[in-house]
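Enquirer: Quick one: the structure is below, and I'll ask about it shortly.
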Amino acid sequence: MSGTRATQLRVEYARGYLGLALFAEAAAELERIAAEEQGLPAVRSMRLDLHLAKKQWKKAVVVAAELAQAHPAWENAWIGWAYALRELKRVEEARTVLMAAERHHGKTSAVLHYNLACYDSLLGALKSARVRLAKACRIDAQFKAAAREDPDLAALRAADAVG
């Protein structure tokens, strides 16, 4: 993380408050960061995490899109952007965001492929969903258990049970 030590501490404090679901306190820590450091990726990322935790989907979309476009290496920006879009029932847009993120994170991000599997399943693209889910599970086997319960993958599970 770049920025002053004070900014780094404020971000850490905000993350701690967020972990305790103390949203007002987390927001207050972010507001205490100097204006010239508000645009730092770590500060933006923490603000995104706060919006996601508070289910402020539209705000999350704005912050995540700005962060992902300015700093494509920040994987959580892409994931948060797509997730917020999905929560707004804009699944096709969420899929498009992750397709763009794939060139930056596709080789290493299990969550990217897992979320693409979910979006493909929701959109009825079951063959693609199956491929994405397999890739996610190869990168991180923990996604196998999640896939058994995830409502976004219900169509894929149903198709596999019939087939």
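Read-outs: derived from the displayed coordinates by stated rules, not from any lab. These numbers come from a predicted model, not from an experiment. So basically every Cβ, Gly included, is an ideal-geometry build from the backbone, and we count neighbours across all protein chains shown.
Enquirer: Do any residues in the stretch 140-163 that are basic (K, R) have Cβ atoms under 7 Å from those of residues that are surrounded by 10 or more Cβ atoms within 10 Å (Cβ to Cβ), where the two are at least six apart or on different chains, and which pairs are they?
Expert: Close Cβ pairs (under 7 Å, with a partner that is surrounded by 10 or more Cβ atoms within 10 Å (Cβ to Cβ)) amount to K144/C137.
Enquirer: Outside any helix (DSSP H, G or I), touching a residue at least 12 places away in the same chain (Cβ under 8 Å) and buried (at least 22 other Cβ atoms within 10 Å of the Cβ) - does that describe any residue in the stretch 10-22?
Expert: Checked the stretch 10-22: no residue is outside any helix (DSSP H, G or I), touching a residue at least 12 places away in the same chain (Cβ under 8 Å) and buried (at least 22 other Cβ atoms within 10 Å of the Cβ).
Enquirer: With out of contact with any strand residue (DSSP E or B) (no Cβ under 8 Å at 6 or more places or on another chain), in contact (Cβ under 8 Å) with a residue 12 or more places away in the chain, more than 21 Å from Q8 (Cα to Cα) and among the aliphatic types (A, V, I, L, M) as the only criterion, which of A60, A70, A34 stands out?
Expert: So the residue among A60, A70, A34 that is out of contact with any strand residue (DSSP E or B) (no Cβ under 8 Å at 6 or more places or on another chain), in contact (Cβ under 8 Å) with a residue 12 or more places away in the chain, more than 21 Å from Q8 (Cα to Cα) and among the aliphatic types (A, V, I, L, M) is A60.
Enquirer: Which ranges mark the helices (runs of 4 or more DSSP H) fully within the stretch 44-163 that have 3 or more residues being crowded, with 18+ Cβ neighbours inside 10 Å?
Expert: Per the criteria, 57-70, 75-87, 91-105, 110-122, 126-139.
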